[in-house]
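Inspection log for the structure reproduced underneath, given as structure tokens.
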Amino acid sequence: MSNPLESWQEEQRSAFLYRVCAEAEAGTTRAELFRRLAGEAEGQAAIWRAQLTARGRAAPAPYEPDARTRLVAILVRKLGPRRVRSVLAAMKVRGMAIYGTSLARDPGHAPPMPGTRIEHRHRGLGGGGNLRAAVFGVNDGLVSNASLILGIAGANPDPHVVLLAGVAGMAAGAFAMAAGEYVSVRSQRELFEYQIGLERDELEEYPEAEAQELALIYAAKGVPPKEAKKLADKLVADPEHALDTLAREELGLNPEELGSPWGAAISSFLSFAAGALLPLAPFMLTPGSRALPFAIGITAVALFGVGALLSLFTGRSAWHSGARMLALGGLAGAITYAIGRLAGIAIG
């Protein structure tokens, strides 16, 4: 069960930010949604306040937003709710799903129910994120280790020294990327689980209020108010899908896709290592001074290929993206080679 004082503070904070969003969206249908959600949050806060006093505790002082909340409010006023919706969602401001759905363009179209074939089709549209992350991981490993190898080669052309440095750079970079990705996804997952836990508590205690908030969101997306209320009541009354639906529509989360910290860490490790191995391979397979030209050639081809592959996510020309990536990677390699050369001369 939630702590009444903490819950009161969260609802008051949400109400404050809802009103800021309403001001930023003045003149749109979304402004009315945020004003009504602010009223709902204040109503929930009043319930938590009554619970506090019923337990013999002093009523909380009038709400004053903390520094973080004031900073978010400034961002909303400057940039608009759409651009900072992920930050607002993390602050338990609901309704952010209205900025990322096609429902508003298709009034009367009910949202996909969890577990249905339609819902899986919608969810699958965003499945390119893993591929995109893998491509960027390969690119990071490729550019960083190629630059390291060129820098070491500039300072000391001994292939054995370059090979040792390249292996160390590949291992250090891969483990650092994996550790960073694990911490990032773990922290994000804990935040999402906390938000869903709060939603579960409120659903158990105040199902009517949750249904009303959900109806407001559907209405803002274009569903007629009466149909929105019927749909929300039906969803909240179904224990199997209620929490899942509330997480998706109010928080903009998919409980089935919170992310695996270990999966993200392993994926990041492998993709970085794969990219870092490409410029290193010639030093493992080719003896003597011929290894460096081969490494430069393989790196150039790989950079162009990665850039061309990224064009799938940008819509730009594959030739343009490939050439740009080659130019940037070549510039990084040339600078580190020059720095290594100067360092080698200075030390020698």
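The values are calculated or read from the model by the stated rules, or taken from the named source; none is laboratory data. Being a predicted model, the structure only gives us computed values, none of them experimental. Methodologically, a virtual Cβ is constructed for each residue, glycine included, from the backbone with ideal geometry; neighbour enumeration extends over all protein chains shown. With ligands, DNA and RNA removed, areas are computed over all heavy atoms of the protein, side chains included. Shrake-Rupley method; radii C 1.70, N 1.55, O 1.52, S 1.80 Å.
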Where a residue in segment 312-327 is small (Gly, Ala, Ser) and its partner, wherever it lies, is modelled with pLDDT under 75 and surrounded by fewer than 13 Cβ atoms within 10 Å (Cβ to Cβ), with Cβ under 7 Å and at least six apart: SER321/THR314
Residue count for segment 274-298, restricted to those that are among the small types (Gly, Ala, Ser), out of contact with any Pro (no Cβ under 6 Å at 6 or more places or on another chain) and open to solvent by less than 70 Å² (accessible area, probe 1.4 Å): 6
Criterion violated by THR53 - all others in (1) in contact with a helix residue (DSSP H, G or I) (Cβ under 9 Å, 6 or more places away or on another chain); (2) of a type in the set (S, T, N, Q); (3) more than 16 Å from GLU210 (Cβ to Cβ) satisfied: (1)
Collect the residues in segment 131-184 that are polar (S, T, N, Q) and either under 25 Å from the mean Cα position of the chain (by Cα) or in a helix (DSSP H, G or I) (or both), keeping them in residue-number order. ASN139, SER144, ASN145, SER147, SER184
Filter segment 67-85 down to the residues that are in contact (Cβ under 8 Å) with a residue 24 or more places away in the chain and open to solvent by less than 90 Å² (accessible area, probe 1.4 Å) and list them by number. THR69, VAL72, ALA73, VAL76, GLY80, PRO81
Residue within segment 57-66 that is at pLDDT 85 or above, buried (at least 16 other Cβ atoms within 10 Å of the Cβ), farther than 22 Å from ARG36 by Cβ and of a type outside the set (A, V, I, L, M) present: yes
Could you list, in sequence order, all residues of segment 11-23 that are surrounded by 20 or more Cβ atoms within 10 Å (Cβ to Cβ) and not polar (S, T, N, Q)? GLU11, ARG13, ALA15, PHE16, LEU17, TYR18, VAL20, CYS21, ALA22
Could you tell me whether any residue of segment 175-191 is at pLDDT below 75, in contact with a helix residue (DSSP H, G or I) (Cβ under 8 Å, 6 or more places away or on another chain) and open to solvent by less than 70 Å² (accessible area, probe 1.4 Å)? yes
Some residue of segment 299-321 being in contact with a Phe, Trp or Tyr (Cβ under 7 Å, 6 or more places away or on another chain) and either over 15 Å from LEU163 (Cβ atoms) or surrounded by 15 or more Cβ atoms within 10 Å (Cβ to Cβ) (or both): no
